[in-house]
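Working notes, beginning with the structure itself.
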Amino acid sequence: MRAIFYLVRKEIKNMLLDLLRHPARLILYIAVLAMLFFSVVSQMETRPSAHYLNFSILHGVYFAILLFISVPSVLNGLKSGATFFRMSDVNFLFVSPVSSKIILAYGLLKQMGSTLLMMVFLLFYGGMASEMFGVVPWQIVTLVAGIALMVFTIQVITLLIYSFSSGRPGRVRTVKLCLYGLVTLMVGYVFVSFLANGSTLDALYSALVSPVLTFIPVVGWIKGMVFGIITGSAIDTISYGVVNMITLAASILLFSKSNSDYYEDVLQSTENTFELKKAVKEGRSFRNRAEKPVKVRDTGINHGWGANTFFFKHVRQSLRRNRIPFVGVSTLVLAAVNLILAVFIRSISGTDGGQVPTGILMAIALMVSCYILFFFNAVGEWSMELMKPYIYLVPEKPFTKLVWASVSNVLKPALDGLVVFIVLGLFLHANPATVLLCILLYASVGFLFTAGNVLSQRLFGQVVNKGIVMFIYIIVLMILLAPGIALSVLVYTMADYLPGILIGMPIFLWNVAVSLGIFAACRNLLSTAELNS
């Protein structure tokens, strides 16, 4: 144990020294902490209760956030598990005479610290929660702590699922079916409950706070515990808290008792990373010899030459996942979310004797879709290419490689928008011009998000804390989007008789122009490899 404590002390010391050697990074952290402080102080101001939205909405939003965190994590864990270790950990710990259980405990504790650091940027959403629902600072901290607990718990459960299903395709399919079925039942329960109780706003509130949802494993339990603390319900706090702790402890115990080859996978991953970095330095290609064979229908890229081969490679990879390139499950999920949202809003507005105009419904769907796109965009093909050496080894100009490697990230939002808004437009009987405007704006925002990702990579690389980078990334995107929105508002105030597509066109043109400018400014991004272990 003394060796573990020594390693932790040295890591903390080296982290602080590294921060002092990089003043720009230190200034970034100080600026973020200062903004966090002022954000918390501003939340202490009291406002009239009539200003706030119904607290039931916060129940639904929080539950959706927990689902958004847990489901992708479990699905990704079915493929490769979840690792708590880096190359330095493997080099020092895996070859040392230390119990594997102690090493696992060390990894869990370090991951818990990393999770808390990544959750810091969520505190900035506290201002929004305070404005909309009247929550006070300690309640905001409770909400964020619940999300941090969710991230940590789901990673531990992912380890257990991986040990249970690794190398067993039948078990993988069973876990996926159970997960999809559970999510479908949850969404279906809320929707059916809403319709059965009259499709009113009160029916929606009742469905969102239903105790049935808190019975859902892990997601519902954490949500029940967090809102038990916020509302002062000792029964909910204690009961769900105990269930969560038992689940977490049991998952760790079962994994430590399992015969999983998890540590061998970590060692193999570390070896691959080392060989990859060595290949980059020596200017040669790298092939993962230990990679498990993947069943595919077609082989070979068959198209492209030089830098544009990356785009055709992405097309081939997309065809292996979906029959139509870049149109898959995420497209269907986005379309389903917008359709359900439209039904909810129309049903609620209809009970008040009026109907929300179709154009307003399309605008709401566009904003929700852009918010979801922000998270989808972070895991696109462009981000994956930076983890491999090939993009740096291709003897082409860096700007040419940057453009072709990013085309798929720009093309997917355009195709998603084409499918989603045509389906939604047909469902709502919307004006074709409104549908076209939504498609163009969604595609341009996707282009801007990709450009922002490139800019973030240029400024921060892959070494800064991801939570801090995420917060700065959000601020940068808001700044980039603001002028286009302001121009459209200006056009509307000066000539509100113009068609909606002309009023919204400044946003589209601005997004495209700024995105092209960012790509031009970052044209030499791929001239130097910057890989992490």
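Side notes on the structure shown:
- Long-range HN-HN contacts of Gly134 with modeled amide H, under 5 Å: none
- Sorting the segments 393-402, 323-332 by their residues' average number of neighbouring beta-carbon atoms within 10 angstrom, most packed first, yields 393-402, 323-332.
- Nearest-0.05 FRET efficiency for Ile340 and Ala414, computed from C-beta distance (R0 22 Å): 0.40
- Using θ = phi - 60° in the Karplus curve 6.51 cos²θ - 1.76 cosθ + 1.60, the 3J(HN,Hα) couplings for region 324-339 round to 10, x, 6, 10, x, 4, 4, 5, 5, 4, 5, 5, 5, 4, 5, 5 Hz; x is entered for Gly and Pro.
- Ordering Arg168, Arg458 from the fewest to the most neighbouring beta carbons within 10 Å gives Arg168, Arg458.
- Using θ = phi - 60° and Karplus 6.51 cos²θ - 1.76 cosθ + 1.60, couplings along region 185-200 (whole Hz; Gly, Pro as x): 5, 5, 5, x, 5, 4, 5, 5, 4, 4, 5, 5, 9, x, 6, 9
- R0 of 45 Å, Cβ-Cβ distance Asn322-Ile102: FRET efficiency to nearest 0.05: 0.55
- Local net charge near Ala307, Cβ-Cβ under 12 Å (Lys/Arg +1, Asp/Glu -1): +1
- Computed from label points 7 Å out along Cα-Cβ, the spacing between Ala521 and Phe5 is 4.9 nm.
- Report note on the peptides 496-502, 204-210: ranked by the mean count of other C-beta atoms within 10 Å, highest first, their order is 204-210, 496-502.
- Cα→Cβ-extended label distance, 7 Å offset, between Leu182 and Ile27, nm: 4.7
- The simple spin-label model puts a point 7 Å past each Cα toward its Cβ; for Met478 and Leu509 those points are separated by 2.7 nm.
- 3J(HN,Hα) couplings calculated from phi for region 9-16 with the Karplus curve 6.51 cos²θ - 1.76 cosθ + 1.60 (θ = phi - 60°) are, in sequence order, 4, 5, 5, 5, 4, 5, 5, 5 Hz; Gly and Pro show x.
- Gain upon complete extension [Val329, Ser239; 0.36 nm per residue less C-alpha separation]: 28.8 nm
- The stretch between Tyr371 and Lys257, if pulled fully straight at 0.36 nm per residue, gains 36.9 nm over its current Cα-Cα span.
Any read-out appearing in this document is the output of simple, stated calculations on the displayed coordinates, not a laboratory observation. Everything numeric in this text was worked out from a predicted model, so none of it was measured. Here Cβ is always computed from backbone atoms with ideal geometry, including for glycine, and neighbour counts include all displayed protein chains.
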